[in-house]
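Chemist: I'd like to ask some things about the structure below.
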Amino acid sequence: MLSIDFIRKNKEKVIESTKNKNREADIDKLLLLDDERRGYIQQIQKLREERNELAKKRDDSVKTRGKEIKEELKEAETKLADLEIALQNMLAYVPNVPLDEVPVGKDESANVEIKTWGKPKMFSFTPKSHIDIAKDLDLIDFERGSKVSGFRGYFLKNQLAVLHMGLLMYVFQKLSQKGYTPVVAPSIVKGFSMFGTAQFPWGEPEVYKLNDDDAYLSGTAEVPVTSYYANETLNEKDLPKKFVAFSPCFRREAGSYGKDTKGLYRVHEFWKIEQVLIGKNDMDAARELHKELQANSEEILEELGLPYRVLLMCTGDMGEPQVLKYDTETWMPERNAYGETMSNSIMGDYQARRLGIKYKTAEGKTEYCYTLNNTAVASPRILIALLENFQQEDGSVEIPHVLRPFVGFSSIAK
């Protein structure tokens, strides 16, 4: 959430960035509401001062005025409380302001490729899709998955189930060894964490709500782990906090009707290893952490031997809380294109303000933290790239060397 003072000082910039992110927010009305709120704060302060002065007098003549002040205070405080709620509701719909280098654009067509690694493999035979590979090797059962789980349901089977688990463990262990705190995060979260990470209000159609009054299935470990320190004040010397988090993830994919309806690319239930950082209120330091997160993801893909590219996301394709976002896309032969596998974002203090995450500086000043996150790996989507890039002419699939100690086999064959 942006502070009202920031919006006042940067009104035109906030209006422009809201438009560039394809969102709507009445900034003029918001500021008028805040003016009214400030007026009531001043009125309440004056009434309290007058009440205190009257309390010093013992004259019976002040009783009438005392009763009037009590009624006026009650009315003003009620109106102030209503204005505070209305103002917070409006602020919740104002997206974050992107950094200056972020390209302006309505959709993915304006994203900018900033790096590529590896070359898409040229096959000496006609390559198969991950769906056909899985069918031939008995690795996925989509039919029974749909029967049991519904649309986009699936069973991972045999060596692919082992590969899925081994891949997650490889990444989890790798980042733990880099000093990231390993956590297994809850997938059932309260509404405040969804709001705090800015999944709500915009992303609410994508979220599964449970029967409990305040329980939701999270679509990423970013939600529970970023909320870990909600309403707490940390010490600057302990920052940044670095987490590598495993969690099951759930998304309704409500906005993807007709997209990627076959295969593992867009499913309702998947698993992620997520990198989450909580740092100090310093953009230069945040940029360095952003580079670190990006380097981790690229290192994983390079060790797996998967070609990828990195995109600088434009305003219309970066999401509401981000000030800077990179997407890393991995080559998927059957698509004859790259597919998104990681998203690396700086949120500034946007999420921390919504969640109340602060820290105390060495000088004793209290600041809101900065938050960052980046996917380390998401499965089963990454399995598409592994199956399709490492398929062999005889129908088998080679296993990348880095994963063999985690799975216990070097190839998948009939």
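Rule-based calculations on the coordinates, nothing more; no lab input. Here the structure is a predicted model, which means the values were calculated and not measured. Glycine also receives a Cβ, built like all others from the backbone with ideal geometry; neighbour counts cover every protein chain displayed.
Chemist: Expressed in whole Å with the largest first, what are the equivalent ellipsoid semi-axes of the chain derived from the C-alpha gyration tensor as the square root of 5 times each eigenvalue?
Modeler: Each semi-axis is √(5λ); the values are 50, 21, 20 Å.
Chemist: Rounded to a whole number of µm²/s, how large is the Stokes-Einstein D of region 4-91 at 37 °C and 0.692 mPa s, given Rh as the Kirkwood radius over C-alpha pairs?
Modeler: Using the Kirkwood radius from Cα pairs, D works out to 214 µm²/s.
Chemist: Run lengths n ≥ 4 of DSSP H only: what is the helix-derived mean residue ellipticity at 222 nm for the chain, with -39500 (n - 2.57) per run over all residues, to the nearest 500?
Modeler: -12500 deg cm²/dmol
Chemist: Among Y370, L160, S297, flag the residue with its Cα farthest along the positive direction of the charge dipole of the chain, charges on Cβ as +1 for Lys/Arg and -1 for Asp/Glu.
Modeler: Farthest towards the positive end: Y370.
Chemist: Semi-axes of the equivalent ellipsoid for region 85-162, please: Cα gyration tensor eigenvalues, times 5, square-rooted, ordered largest first, whole Å.
Modeler: The answer is 41, 26, 11 Å, longest axis first.
Chemist: Rank T233, N211, G279 by how far each Cα sits towards the positive end of the charge dipole of region 202-279 (+1 on Lys, Arg Cβ; -1 on Asp, Glu Cβ) and give me just the farthest.
Modeler: G279
Chemist: Follow-up question, since we're still on this one. For K135, give me every one of the lysines with a C-alpha distance below 25 angstrom, ignoring sequence neighbours fewer than eight places off in its own chain.
Modeler: By straight Cα distance, K135 reaches K121, K147, K157, K259, K262, K272, K414.
Chemist: Grab the Cα-Cα distance for D394 and K237, subtract it from 0.36 nm times how many residues apart they are, and report the gain in nm with one decimal.
Modeler: Working it through step by step, the gained length comes to 50.9 nm.
Chemist: Can you give the FRET efficiency for E24 and A295, using 1/(1 + (r/R0)^6), R0 = 41 Å, r = Cβ-Cβ distance, to the nearest 0.05?
Modeler: With a Förster radius of 41 Å, E is 0.65.
Chemist: Next up: Would you mind calculating the relative contact order of region 318-414 from Cα pairs under 8 angstrom and at least 6 residues apart, reporting the percent as a whole number?
Modeler: Once divided by the residue count of region 318-414, the mean separation gives 21 percent.
Chemist: Taking neighbour counts of Cβ atoms within 10 Å as a proxy for exposure, in what order, fewest first, do D107, D34, D213, D26 appear?
Modeler: D213, D107, D26, D34
Chemist: Can you tell me the dipole magnitude for region 4-91 around its Cα centre, using point charges on the Cβ only (Lys, Arg +1; Asp, Glu -1), in Debye to the nearest 20?
Modeler: 260
Chemist: Treat every Asp and Glu Cβ in the chain as -1 and every Lys and Arg Cβ as +1, leave all other atoms uncharged, and give the resulting dipole magnitude about the Cα centre to the nearest 20 debye.
Modeler: Result for the chain is approximately 640 debye, rounded to the nearest 20.
Chemist: Follow-up question, since we're still on this one. Using only C-alpha atoms and all pairs of different ones, pull out the Kirkwood radius for region 331-414 in Å with one decimal.
Modeler: 16.6
Chemist: Which of the listed residues, V94, L137, S124, is farthest toward the dipole's positive end in region 1-140, when Lys, Arg count +1 and Asp, Glu count -1 at the beta-carbon?
Modeler: Going by the Cα projections, it comes out as V94.
Chemist: What is the local net charge at G191, summed over the other residues whose Cβ is closer than 10 Å to its Cβ (Lys, Arg +1; Asp, Glu -1)?
Modeler: -1
Chemist: While we're looking at this one, here's another question. What's the extension gain from K119 to K70 if we count 0.36 nm per residue and subtract their Cα-Cα distance?
Modeler: 10.1 nm
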